[in-house]
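Visitor: Have a look at the structure that comes next, please.
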Amino acid sequence: MLRRAATALLILLMIAPFAWAQDVPVATTSPSSQELNLRRTVTVDVVARTKDAVVYISTTKLARTSPFGDDPFFRQFFQQNVQVQSLGSGFVVHEDGYVVTNNHVIDRAREITVALSDGRKLSAELVAADPEADLAILKIKSDKPLPYLELGDSSDLMIGEPVIAVGNPLGYSHSVSTGIVSAVHRDLGDPSIKLADLIQTDAAINPGNSGGPLLNAYGQVIGINTAIRANAQNIGFAIAVNRLRELIPSLMNPA
């Protein structure tokens with residue numbers, strides 16, 4: 001009798017997991033609009049709201065080169081002017097077409113072209129620039145008001161808070177990377193560069209990101225991406241947006 005009961009119990013235990021598994025529902029469709037969509041994160045929402053205000057900047061510059069390379073002896077006798085292309089990023093700060101970027105993106109440019117998210121490519125004029133602050137204001141003409149970004153406040157940044165960098169690294173337009181505020185009040189450690197009070201971030205910043213926005217979780221600009229530490233990984237720097245706030249009156253109304 002005991003042997004029969006034990007055998008029955010063993011069979012029941014073997015069958016139970018399969019019976020249980022049959023009762024577990026399997027999701028076969030995406031969540032409906034009435035349900036929580038776990039894929040729509042803060043980053044997705046911010047990018048959707050701000051991407052149309054981020055622009056792609058290309059410039060044509062004249063550079064002096066020598067057919068003999070960098071040899072200092074030949075360079076003093078043989079030099080020629082050649083046109084070179086450079087790439088950068090920027091963002092619209094006013095619906096009338098005012099665009100913020102880095103000064104080094106447009107420095108010595110003969111032609112500046114701004115590409116918008118809708119595919120339009122517009123010629124830009126330099127309104128003003130501050131080389132020491134590495135900031136510049138451009139103006140483009142559009143037949144309709146442009147989407148623009150809201151400037152945040154960089155005075156109360158929290159170490160570890162999430163940030164989003166949007167730009168055109170290596171020409172890959174409107175690329176997005178994420179990270180955190182790694183530190184504040186940084187400098188580049190180079191006495192010849194006067195940039196100071198920078199935001200350090202581990203969000204991926206590459207050549208071409210310069211001038212693009214560093215956004216907080218509300219989609220506000222808290223920094224302007226400007227530099228990376230070339231001999232390291234995940235060490236990027238952005239100009240604090242409050243520096244831009246200080247300079248905008250003089251940049252928008254140059255003497």
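Visitor: I'd like the Kirkwood hydrodynamic radius of segment 82-151, using the inverse of the mean 1/r over distinct C-alpha pairs, in Å.
Guide: About 12.5 Å for segment 82-151.
Visitor: Could I ask something else about it? Taking only the alpha carbons of segment 147-186, what extent do you get along each of the three principal axes, in Å, biggest first?
Guide: Projected onto its principal axes, the Cα set of segment 147-186 covers 31, 23, 17 Å.
Visitor: With all pairs of different alpha carbon atoms counted, what Kirkwood hydrodynamic radius in Å does segment 87-211 show?
Guide: Value: 15.7 Å, from the Cα pair sum.
Visitor: For segment 92-140, with the dipole built from +1 on Lys and Arg beta-carbon atoms and -1 on Asp and Glu ones, taken about the Cα centre, which of T101, A133, T113 lies farthest toward the positive end?
Guide: Sorting the options by dipole projection puts first T113.
Visitor: Would you compute, for the Cα atoms of segment 115-154, the largest minus smallest coordinate along each principal axis and list the three values in descending order, in whole Å?
Guide: Projected onto its principal axes, the Cα set of segment 115-154 covers 32, 24, 14 Å.
Visitor: For P249, what is the net charge nearby, where nearby means another residue's Cβ is under 15 Å from its Cβ and Lys, Arg count +1, Asp, Glu -1?
Guide: Residues near P249 contribute 0 overall.
Visitor: With Kirkwood's inverse mean 1/r over C-alpha pairs for Rh, give me the Rg to Rh ratio of segment 149-255, two decimals please.
Guide: Radius of gyration relative to Kirkwood radius: 0.96.
Visitor: Put a dot 7 Å past each Cα toward the Cβ at R110 and A183; how far apart are the dots in nm?
Guide: 4.2
Laboratory data are not the source of any read-out in this text; all were calculated from the coordinates shown. This is a predicted model, so every value here is computed, not measured. All Cβ positions, even for glycine, are placed from backbone atoms using ideal geometry, and neighbour counts span all protein chains on display.
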